[in-house]
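One structure below.
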Amino acid sequence: MKKLIQIAISKTISSEELDFLNEISKLAETLDTLESNFEERITSNKALRGEKPTVVTRSKKKEINQYKSDADDLTNQLAKDFILMENAKDIIRAIRSGFDGDISFWKQAVKYTHPADMSIVEEFLSAKIKLREALIAYLNHKSG
């Protein structure tokens, strides 16, 4: 996510916008970090509870790896598309458009989360909500 925000920063025309986008970039970096270590944190929590790691079949691992590959491909394609855009607001608008469905998904996931993992999932969801709110604030701000 931070990579995409950095492209928006490169299209920024005012110091006021730059300040907004730098704050958004920090939130995106936090979310990226939480996302990258999410699985490890859940697995660690399971071990602390005395549970074994989730067993995933070879075919399911292949499917999961394909999802990860697809997500990486999508991010790379978005980066290419964003580079061609003329201004930061259009980029932020495009990024923002994907958040509602994602946040809805994670709000539902909370219902099925083990109580010991709840703080991890809530922290992840909170980071997504904070970033979405910052994106909305940026889009609603009248610069200049």
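What the table below lists for this structure:
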item	result
Close pairs from the range 4-26: first under 13 Å from Ala134 (Cβ atoms) and in contact (Cβ under 8 Å) with a residue 24 or more places away in the chain, partner crowded, with 18+ Cβ neighbours inside 10 Å and among the aromatic types (Phe, Trp, Tyr), Cβ under 6 Å, at least 6 apart	Phe20/Tyr138
Count of residues meeting criterion [free of Cβ contacts under 8 Å to residues at least 40 places away in the same chain and over 24 Å from the mean Cα position of the chain (by Cα)] in the range 41-53	5
The range 83-124 - residue that is in contact (Cβ under 8 Å) with a residue 60 or more places away in the chain and of a type in the set (Val, Ile, Thr) and, of those, surrounded by the fewest Cβ atoms within 10 Å (Cβ to Cβ)	Ile83
Qualifying residues in the range 27-40 (those that are touching a helix residue (DSSP H, G or I) at 6+ places or on another chain (Cβ under 7 Å) and free of Cβ contacts under 8 Å to residues at least 40 places away in the same chain) - the one surrounded by the most Cβ atoms within 10 Å (Cβ to Cβ)	Asp32
Condition broken by Lys80, with the remaining ones in (1) among the basic types (Lys, Arg); (2) closer than 29 Å to Ser10 by Cα; (3) surrounded by 13 or more Cβ atoms within 10 Å (Cβ to Cβ) satisfied	(3)
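Only the coordinates and a few stated rules stand behind these numbers; no lab work does. Bear in mind that the values here come from a model prediction, so they are computed numbers and not experimental data. Neighbour counts are summed over all protein chains in view; Cβ atoms, including those assigned to glycine, are modelled from backbone coordinates with ideal geometry.
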